[in-house]
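Trainee: Once you've had a glance at the structure underneath, I'll fire off some questions.
The values are calculated or read from the model by the stated rules, or taken from the named source; none is laboratory data. Remember, predicted model here, so these are calculated numbers, not experimental data. Heads up, the Cβs are rebuilt from the backbone with ideal geometry, glycines too, and the neighbour counts pull from every protein chain shown. For the accessible areas, the whole protein counts, side chains as well, though only heavy atoms, and no ligand, DNA or RNA atoms are used. Shrake-Rupley method; radii C 1.70, N 1.55, O 1.52, S 1.80 Å.
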Amino acid sequence: MNVSPDPTRPDPTRPDPITTQDQASQERDTLLDLFARGLICTAASAVGADHGEPSEEALMKARAVADDYLAAYEEWLVKIAATNAAAGPQ
């Protein structure tokens, strides 16, 4: 666990918590962009293609795939949270 040496100052290695729906939406968009770029890079590397900056069309298609994966992950997290909440305090 990362703990700041000075408890009165925030740990600079930890991001600020997400506290609003707008922040969550921005973070999700950032994740989708990173996932999409990673998918494009991985696919290009797999076929031995030289890959530079992806086209807008490629990013749109990769973002759709990334959105499916992220939605499944979010659903899984909700199920885990519900299971943990149902178990009660431990």
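Trainee: Roughly how much of residue 77 is accessible, in Å² to the nearest 10, using a 1.4 Å probe?
Mentor: Roll a 1.4 Å probe over it and residue 77 shows about 80 Å².
Trainee: Would you be so kind as to identify which of 18, 87, 66 lies farthest towards the positive end of the dipole of the chain, taking Lys and Arg as +1 and Asp and Glu as -1 on Cβ and the Cα centre as origin?
Mentor: About the Cα centre, the residue reaching furthest to the positive side is 87.
Trainee: Then there's this: Comparing 30, 19, 42, which has the greatest mean-square fluctuation in the GNM of the chain with Cα pairs linked when under 10 Å apart?
Mentor: Highest fluctuation of the listed residues: 19.
Trainee: Additional query: Divide by every residue of the chain the summed helix terms, -39500 (n - 2.57) for each DSSP H run of at least 4, and state the resulting mean residue ellipticity at 222 nm, rounded to the nearest 500 deg cm²/dmol.
Mentor: -23000 deg cm²/dmol
Trainee: Same structure again: Note down the magnitude of the dipole of the chain about its Cα centre, charges +1 on Lys and Arg C-beta and -1 on Asp and Glu C-beta and zero elsewhere, to the nearest 20 debye.
Mentor: 340 debye
Trainee: Something else: Scan (i) 16, 55, 29, 1; (ii) 14, 27, 29, 22, 8, 0; (iii) 20, 48, 28, 4 for the value of P(r) over Cα pairs in 10 Å bins from 0, in percent calculated from this model and give just the label.
Mentor: Read-out from the structure maps to (ii).
Trainee: Using Cα springs under 10 Å in a Gaussian network model of the chain, which residue among 40, 80, 18 shows the largest mean-square fluctuation?
Mentor: Maximum among the listed residues: 80.
Trainee: What does the accessible area of residue 14 come to, in Å² to the nearest 10, when a probe of 1.4 Å is used?
Mentor: Counting only protein heavy atoms, residue 14 exposes about 110 Å² to solvent.
Trainee: Quick check: at a probe of 1.4 Å, how many percent of the accessible area of the chain sits on carbon and sulfur atoms?
Mentor: 59 percent
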